[in-house]
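Have a look at the structure below before the remarks.
Rule-based calculations on the coordinates, nothing more; no lab input. Please read these numbers as outputs of a predicted model, since none were measured by experiment. Positions of Cβ are generated from backbone atoms using ideal geometry, with glycine treated the same way; all protein chains shown enter the neighbour counts.
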Amino acid sequence: MGEEIALSYLKGRDYKIVEQNFLLSCGELDVIASKNGRIVFFEVKTRMKQEGSVFLPEQSINAKKAANLRKTSTIYLAEKKYRIDQPWQIDILAITLDKSTKKART
């Protein structure tokens, strides 16, 4: 559900979705998009809102996960034969779902 919300959110902000769920042994790229000539690798983190919880979805990205995202992104760019100076970045798209209101917050 989180990735569906993410795709809708990104399309509404004029991102072109290039690929989804690109999997390698070192990691997975949830959503690969482009905008204004830049490739953006989105890690989608979705959590259900818990009463009294202050844990945010993006807090689940630790140093190891960040390193895997960088490695997987650079391999993707090489495999797809992007030029070496291709502008790119990694963004975290954090989604909190509220079970009672059935609404998402990005």
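For Rg and Dmax of the Cα atoms in Å, pick the label among (i) 16.5, 56; (ii) 14.7, 47; (iii) 16.9, 50 that corresponds to the value derived from the coordinates. It is the one labelled (ii). Lysine pairs in the chain with alpha-carbon atoms under 23 Å apart, 8 or more places apart or on different chains: how many are there? Taking the chain as the scope, the lysine pair count is 27.
Using 0.36 nm times the number of residues separating Lys80 and Lys49, minus their current alpha carbon distance, what extension gain do you get?
Between Lys80 and Lys49, full extension yields an extra 7.4 nm.
Averaged over residues, the count of other Cβ atoms within 10 Å places the peptides 14-23, 29-38 in the sequence 29-38, 14-23, highest first.
Between Ser8 and Gln59, the contour length at 0.36 nm per residue exceeds the Cα-Cα span by 16.1 nm.
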